[in-house]
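Colleague: Pasting in a structure now, in structure tokens, and then I'll have a few things to ask.
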Amino acid sequence: EAVIETADLATPPAIEPPVELPKITTINPQKFLGKTSDYIASQLGEADFKRQEGKIGIWQYRQANCVVDFFFQNTDDTSNLSQKTAIALDVRKRIIGQPLDEKRCQKELYQRQL
């Protein structure tokens with residue numbers, strides 16, 4: 001008579017559902033310090049206002065409730081800020097003297113990506 005052997009198969013572990021990552025809905029403008037102007041434009045789109053004063057270039061992004069200015073140092077004699085890195089920034093309320101809601105400003109900055 002034939003003997004059939006069966007393997008002792010352990011029950012496989014339960015598959016855990018993937019952990020849902022928190023949804024990103026804000027952008028902290030600090031993350032752009034040290035990044036190039038081209039990178040910033042690729043993330044936020046074209047600046048609403050650009051100007052150059054001497055060797056400092058300023059790109060301004062205007063949201064409904066705040067303004068974010070990025071400052072770039074131009075080390076050559078051209079006015080082209082392409083590939084220059086952001087050396088400083090300023091975040092302020094659009095209405096002078098009003099308190100800044102940083103989280104709301106970061107949400108509005110994020111909305112520029114959509």
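The values are calculated or read from the model by the stated rules, or taken from the named source; none is laboratory data. If you're wondering where the values come from, they're calculated on a predicted model, not measured in any experiment. Cβ: placed from backbone, ideal geometry, glycine included. Neighbour counts: every protein chain shown. All accessible areas refer to the heavy atoms of the entire protein, side chains included, with ligands and DNA or RNA removed. Shrake-Rupley method; radii C 1.70, N 1.55, O 1.52, S 1.80 Å.
Colleague: For region 16-39, check the following and say yes or no: at least one residue is open to solvent by 90 Å² or more (accessible area, probe 1.4 Å), in contact with a strand residue (DSSP E or B) (Cβ under 9 Å, 6 or more places away or on another chain) and modelled with pLDDT of 90 or more.
Modeller: yes
Colleague: Just to check your reading of the model, which residue among A47, A86 is among the small types (G, A, S), in a strand (DSSP E or B) and either modelled with pLDDT of 90 or more or open to solvent by less than 90 Å² (accessible area, probe 1.4 Å) (or both)?
Modeller: After ruling out the rest, the residue left standing is A86.
Colleague: Next question. I'd like to check something: does region 96-106 contain any residue that is open to solvent by less than 70 Å² (accessible area, probe 1.4 Å) and at pLDDT below 85?
Modeller: So far as region 96-106 goes, no, none of its residues is open to solvent by less than 70 Å² (accessible area, probe 1.4 Å) and at pLDDT below 85.
Colleague: For A64, are the conditions met, namely being among the aliphatic types (A, V, I, L, M), open to solvent by less than 50 Å² (accessible area, probe 1.4 Å) and at pLDDT 90 or above?
Modeller: No, not satisfied.
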